[in-house]
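Peer 1: Below is a structure I'd like to ask you about.
The values are calculated or read from the model by the stated rules, or taken from the named source; none is laboratory data. None of these values were measured; they are calculated from a predicted model. Don't worry about glycine lacking a Cβ; one is built from the backbone with ideal geometry, like all the others, and counts go over all protein chains shown.
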Amino acid sequence: MKYLSLAPGAVVLDGTVGGGGHAESILERTAPNGILIGLDVDQDALNASRRRLKVHGDRVHLIQTSFRKLDRALDEVGIHRLDAVLLDLGVSSHQLDSGQRGFRFSESESEATPLDMRMNPEQGQTAADLLNRASATELQGWFQNYGELPGSRRLAKAITESRESSPLKTNADLLRLIREAGIGRGRHHHPATLVFQALRIAVNDELGALEEGLEAARTRLKPGGRLVVLSYHSLEDRIVKHTFRRAAKGCVCPPKQPICTCGKMPSLRVLTRRPETPDALEIESNPRARSVRLRVAESIEEVRPS
């Protein structure tokens, strides 16, 4: 919370409100009249937040939408500028703990769950849909680009051959193919971790949403407003790092050009030269935070939304 630099009366957007844990802390620190706008694509998560935050009354606005559409959400509640934006990326504990969402995998056949992986279970294609319809080239690209998976081509081939006789339906079906294709032998973590990450990113267009959400958040911050992002793998962190650096640089003219002609000015000041990481005590209290990388930037000029 310290990175958000909150004060009483602040207007804050939590773009991934989940069960409302961060939101509750924000509301406490911005009391008595601070405003919290909470976004999430998952209606179950919003219902949990609504119950948890009910005591704060009309200080809370909860909207079912992606943070990539935060412009529309803010217009909906009549708010134009923000003192802080928080984006806690990745899968929430609520989604991981929900057995039928398909975000987890288990070697036990008795714990097999549908290959869904949608953040919003009411919209879009499931992981099973993608696995059973995508070409081998598409599958290989997802596994390489989103999972950085050795053996991506081999696994894509195994999937397209297997589905001709038996479509993939559960996480157990996918785990069987990963084993049979010999993916990840000798690696220090389960090879399915990278496969499931790649599929989840593809199903939810997570990287596209992040790029759009960061740009929208940047233009909505008041001067001095903070943008805090928690990412959980290198692909997310890379996008955040490069977005912050571009906004801090401003000018996009060729390096050899002696005079700036683009007219672009810096709009952010990067406050974390390197990402902040959890210490041993934080990891012990919350093992899921082991891979988190936190980056912070501050708005340095008022940029009007397009």
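Peer 1: If we keep just the residues of the range 62-79 that are buried (at least 16 other Cβ atoms within 10 Å of the Cβ) and charged (D, E, K, R), which is nearest to Asn204 (Cα to Cα)?
Peer 2: The extreme case among them is Arg68.
Peer 1: Output the qualifying pairs, or none if there are none: Cβ atoms under 8 angstrom, residues six or more apart or on different chains, first residue in the range 267-280 and within 18 Å of Arg218 (Cβ to Cβ), second residue of a type outside the set (Lys, Arg) and part of a loop (DSSP other than H, G, I, E, B).
Peer 2: What qualifies is Ser267/Gly250; Ser267/Ile300; Ser267/Glu301; Ser267/Val303; Leu268/Ile300; Arg269/Ile300.
Peer 1: Looking only at the range 147-175, count how many residues are surrounded by fewer than 21 Cβ atoms within 10 Å (Cβ to Cβ) and within 20 Å of Gly208 (Cβ to Cβ).
Peer 2: 1
Peer 1: Also, I was wondering about something else. Out of the range 56-79, which residues are part of a loop (DSSP other than H, G, I, E, B) and either closer than 19 Å to Ile26 by Cα or modelled with pLDDT under 75 (or both)? Full working, then the answer.
Peer 2: Keep residues of the range 56-79 that are part of a loop (DSSP other than H, G, I, E, B), which gives 65-66, 78-79.
Hit for the range 56-79 is Ile79, nothing else.
Peer 1: Looking only at residues that are out of contact with any strand residue (DSSP E or B) (no Cβ under 8 Å at 6 or more places or on another chain) and touching a residue at least 24 places away in the same chain (Cβ under 8 Å) in the range 240-266, which one is farthest from Phe67 (Cα to Cα)?
Peer 2: Our first condition is that a residue be out of contact with any strand residue (DSSP E or B) (no Cβ under 8 Å at 6 or more places or on another chain); within the range 240-266, this holds for 242-243, 246, 249-266.
Still in the running and touching a residue at least 24 places away in the same chain (Cβ under 8 Å): 243, 265-266.
Numbers: Thr243: 16, Met265: 25, Pro266: 23 Å.
The residue in question is Met265.
Peer 1: Condition (residue is part of a helix (DSSP H, G or I) and buried (at least 18 other Cβ atoms within 10 Å of the Cβ)) applied to the range 117-129: is it met by at least one residue?
Peer 2: Let us first name the residues in the range 117-129 that are part of a helix (DSSP H, G or I), namely 127-129.
Now restrict to residues that are buried (at least 18 other Cβ atoms within 10 Å of the Cβ): 127-128.
Among the residues of the range 117-129, at least one is part of a helix (DSSP H, G or I) and buried (at least 18 other Cβ atoms within 10 Å of the Cβ), which makes the answer yes.
Listed here are the residues, each with its yes/no results for (1) polar (S, T, N, Q); (2) out of contact with any Phe, Trp or Tyr (no Cβ under 8 Å at 6 or more places or on another chain); (3) surrounded by 14 or more Cβ atoms within 10 Å (Cβ to Cβ).
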residue: Ile239; (1), (2), (3): no, yes, yes
residue: Val252; (1), (2), (3): no, yes, no
residue: Cys260; (1), (2), (3): no, yes, no
residue: Val270; (1), (2), (3): no, no, yes
residue: Leu281; (1), (2), (3): no, yes, no
residue: Ser285; (1), (2), (3): yes, yes, no
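Peer 1: Hey, another quick one. Arg81: touching a helix residue (DSSP H, G or I) at 6+ places or on another chain (Cβ under 7 Å) and of a type in the set (D, E, K, R), yes or no? Full working, then the answer.
Peer 2: Details: touching a helix residue (DSSP H, G or I) at 6+ places or on another chain (Cβ under 7 Å): yes; of a type in the set (D, E, K, R): yes.
Taking the combined requirement at face value, the residue satisfies it.
Peer 1: Only one residue in Arg290, Arg295 is among the basic types (Lys, Arg) and closer than 24 Å to Lys222 by Cβ. Which one?
Peer 2: Working: Arg290 fails: closer than 24 Å to Lys222 by Cβ.
Within the list Arg290, Arg295, the selection yields Arg295.
Peer 1: Something else about it: Among the numbered conditions (1) modelled with pLDDT of 95 or more; (2) in contact with a Gly (Cβ under 8 Å, 6 or more places away or on another chain); (3) part of a helix (DSSP H, G or I), tell me where His94 comes up short.
Peer 2: Only one criterion in (1) modelled with pLDDT of 95 or more; (2) in contact with a Gly (Cβ under 8 Å, 6 or more places away or on another chain); (3) part of a helix (DSSP H, G or I) is unmet by His94, namely (1).
Peer 1: I need the full set of residues from the range 14-40 which are among the aliphatic types (A, V, I, L, M) and either surrounded by fewer than 23 Cβ atoms within 10 Å (Cβ to Cβ) or in contact with a Gly (Cβ under 8 Å, 6 or more places away or on another chain) (or both), in order please.
Peer 2: First, the residues of the range 14-40 that are among the aliphatic types (A, V, I, L, M): 17, 23, 26-27, 31, 35-37, 39.
Matches in the range 14-40: Val17, Ala23, Ile26, Leu27, Ala31, Ile35, Leu39.
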